[in-house]
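Below: the structure, in structure tokens.
The values are calculated or read from the model by the stated rules, or taken from the named source; none is laboratory data. Quick caveat: nothing in here was measured; it's all calculated off a predicted structure. Every residue, glycine among them, receives a Cβ derived from its backbone with ideal geometry; neighbour counts consider all protein chains shown. Only protein heavy atoms, including side chains, enter the accessible area calculation; ligands, DNA and RNA are left aside. Shrake-Rupley method; radii C 1.70, N 1.55, O 1.52, S 1.80 Å.
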Amino acid sequence: ADALLQAAGGRAGLARLDDGALSAAGLSRVAQQRLRAALALHFRLQEAIPLRAAPITSSVEAFAALGPRLGRLRVEHFIAIPLDAKARPMGAHLVAKGTRTACLVEPADAYRPLVTDGAVSVLYAHNHPSGDPSPSVEDLALTARLGRAGALLGITMVDHVIVGAGRCFSFRDAGALPSGGFAP
């Protein structure tokens, strides 16, 4: 069990394995169903835990809060976390849901709920179902567009985090954030 978990890259990677891979690892059909049920319960319990009220001030904290929610998903999900003046999460909004390889995000859709919430800043996050959090050319272009739109609206984009299997990419940490960022 430990070897399979490690080879899959953790629980999120294990959840992405198909029946063929689980069969090749020696799991019977019944064992596969039990494993899927246990993983589903685990992830539902994780999702039931609300985003903590403590400020999110780094990509490490962002990944800790969002990794369990996004890391196991099989299609791309793009979410916005509105933050108050003290960088505390005010909730979470699903902006767009895509496919295994792409997710269409319009800046108007990304900022509409933030304006309604009265957000001071925003943390954007999305997942890469492949498990590789490296940004695509489209991710770079979207981040630049979102930064420009936020500047016009007076809502600072503190980071855009891409969640992969057990790790993430932070545009802020990479120096690729158009403006703003977490307070030093």
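For the range 65-90, taking the residues that are under 14 Å from the mean Cα position of the chain (by Cα) and in a loop (DSSP other than H, G, I, E, B), the one that is modelled with the highest pLDDT is identified as GLU76. When LEU94, LEU140 are checked against the criterion of being touching a residue at least 12 places away in the same chain (Cβ under 8 Å), open to solvent by 60 Å² or more (accessible area, probe 1.4 Å), of a type in the set (A, V, I, L, M) and more than 24 Å from ALA174 (Cα to Cα), LEU94 stands alone in meeting it.
Listed here are the residues, each with its yes/no results for (1) basic (Lys, Arg); (2) open to solvent by 30 Å² or more (accessible area, probe 1.4 Å); (3) not in a loop (DSSP other than H, G, I, E, B).
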position: ILE56; (1), (2), (3): no, no, no
position: ALA102; (1), (2), (3): no, yes, no
position: ASP132; (1), (2), (3): no, yes, no
position: VAL158; (1), (2), (3): no, no, yes
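Quick check, is LEU114 open to solvent by 30 Å² or more (accessible area, probe 1.4 Å), more than 14 Å from the chain's Cα centre (by Cα) and farther than 23 Å from ARG11 by Cα? No. The single condition among (1) within 11 Å of the chain's Cα centre (by Cα); (2) open to solvent by less than 50 Å² (accessible area, probe 1.4 Å); (3) over 21 Å from GLY150 (Cβ atoms) that ALA125 does not meet is (3). Here SER179 clears all of (1) at pLDDT 95 or above; (2) surrounded by fewer than 14 Cβ atoms within 10 Å (Cβ to Cβ) except the condition numbered (1). Among the residues making up the range 85-105, those that are of a type in the set (Gly, Ala, Ser) and either out of contact with any Asp or Glu (no Cβ under 9 Å at 6 or more places or on another chain) or over 19 Å from THR116 (Cβ atoms) (or both) are ALA85, ALA87, ALA92, GLY98, ALA102.
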